[in-house]
Amino acid sequence: MPKIDLYNLKASVEFPISGTQEAAKSLQLTASASSEVGVLTGTVTSGTSPVADATVKVFDINDNPLYHGNTNPVGQYTIPDIASGTYKVTVAKNGYLTPDAVSVTIAANRPTTVNFSLTADPNAALNILFGIVRQAVVLTPIAGATVNIFQVVDSVMTLTATTLTNSTGQYLAPDLAAGNYVVVSNKSGYNQTTSTTVTLTASDIEALDLAMTVNTATNTGTISGIISDASTLLPIPNAIVALYSVIGTTETVTRITRTNTGGRYLFGNVLTGDYIIKAFAQTTIL
């Protein structure tokens, strides 16, 4: 049976013994903290082979991380000083699948053994492409761009994965087989961009950023609204609506339109900039 310290080791001061002298030395021991906590130990293997440098992680019952330890060259691990209670434990190692966490109860004053058997990740030898899609020149990240990953074989491009960039323009394409790839990004208002060819072999993690240029012909917005009577809130048909471009303190009329019978107006193909809408209505005096 394994043993654990009940009291901490304590030493007396040095003293001499001469001849038949009788010495009396009493010690007052303090309780060992290890008597109030437990130890988690075990072995991590894959098949019959030990797995070294695997990370064993201990969580509380609410999945909050608490403790961790690593396996030694023969797959053994020890995590000391764990307060008694119920925990969840799992293990991770690159190249292996992470098993479901197991429930374990740690008892004070004794070790608890939990062994793990890992399964090799069948996709461990596959490759990863990642990167950031930015606007050319200004290098502003482009969110929501469509990123298509094509494998190239004998000049033939075959789509293998599609993803979208996140709010900071990042994309991630995992599980790519060995081969040659190009990445193509698209987003409304920008010209399509195609990367250079990148060659992936085995377990590669390659960064591939793209820069997209603004398509001035399509990168336009719209301005619309309803013109109504302030007192009756009824729509005003045939009202004149002017679109002013504002640069600094200068206002310049760029377009004019009229409302329809429902008081609605619409300006399309509006270029990037600052604008003001002004409206009024006229009538013919007979």
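The values are calculated or read from the model by the stated rules, or taken from the named source; none is laboratory data. This structure is a prediction, so every number in the text was calculated from the model and none was measured. Positions of Cβ are generated from backbone atoms using ideal geometry, with glycine treated the same way; all protein chains shown enter the neighbour counts.
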Do we have any residue at all in the stretch 204-222 that's without any contact (Cβ under 8 Å) to a residue 12 or more places away in the chain and among the charged types (D, E, K, R)? no
Among the candidates 166, 186, 219, single out the residue that is at pLDDT below 95, under 29 Å from residue 273 (Cα atoms) and not β-branched (Val, Ile, Thr). 219
When only residues in the stretch 85-104 that are among the polar types (S, T, N, Q) and more than 16 Å from residue 64 (Cα to Cα) count, which is modelled with the highest pLDDT? 98
Before we move on, is residue 139 assigned to a strand (DSSP E or B), aliphatic (A, V, I, L, M), out of contact with any Pro (no Cβ under 6 Å at 6 or more places or on another chain) and over 29 Å from residue 98 (Cα atoms)? no
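Hey, among 71, 86, 41, which residue is surrounded by 10 or more Cβ atoms within 10 Å (Cβ to Cβ) and under 29 Å from the mean Cα position of the chain (by Cα)? Lay out the reasoning, then the answer.
Values: 86 fails: under 29 Å from the mean Cα position of the chain (by Cα); 41 fails: under 29 Å from the mean Cα position of the chain (by Cα).
Exactly one of 71, 86, 41 is surrounded by 10 or more Cβ atoms within 10 Å (Cβ to Cβ) and under 29 Å from the mean Cα position of the chain (by Cα), namely 71.
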Examine the stretch 155-167 for a residue that is more than 19 Å from the chain's Cα centre (by Cα) and under 30 Å from residue 51 (Cα atoms), and state whether such a residue exists. no
So residue 79 passes all but one of these: (1) surrounded by 13 or more Cβ atoms within 10 Å (Cβ to Cβ); (2) within 30 Å of residue 205 (Cα to Cα). Which condition number does it fail? (2)
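Would you confirm whether or not the stretch 142-164 contains a residue that is assigned to a loop (DSSP other than H, G, I, E, B), free of Cβ contacts under 8 Å to residues at least 40 places away in the same chain and in contact with a strand residue (DSSP E or B) (Cβ under 7 Å, 6 or more places away or on another chain)? Quick ask: steps written out before the conclusion?
Filtering the stretch 142-164 down to residues assigned to a loop (DSSP other than H, G, I, E, B) leaves 142-145, 154-155.
Now restrict to residues that are free of Cβ contacts under 8 Å to residues at least 40 places away in the same chain: 143, 154-155.
Within this subset, residues satisfying the condition of being in contact with a strand residue (DSSP E or B) (Cβ under 7 Å, 6 or more places away or on another chain) are none.
Taking every residue of the stretch 142-164 in turn, none turns out to be assigned to a loop (DSSP other than H, G, I, E, B), free of Cβ contacts under 8 Å to residues at least 40 places away in the same chain and in contact with a strand residue (DSSP E or B) (Cβ under 7 Å, 6 or more places away or on another chain).
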Would you call residue 109 out of contact with any Cys (no Cβ under 9 Å at 6 or more places or on another chain), touching a residue at least 40 places away in the same chain (Cβ under 8 Å), under 20 Å from residue 37 (Cβ atoms) and surrounded by fewer than 18 Cβ atoms within 10 Å (Cβ to Cβ)? yes
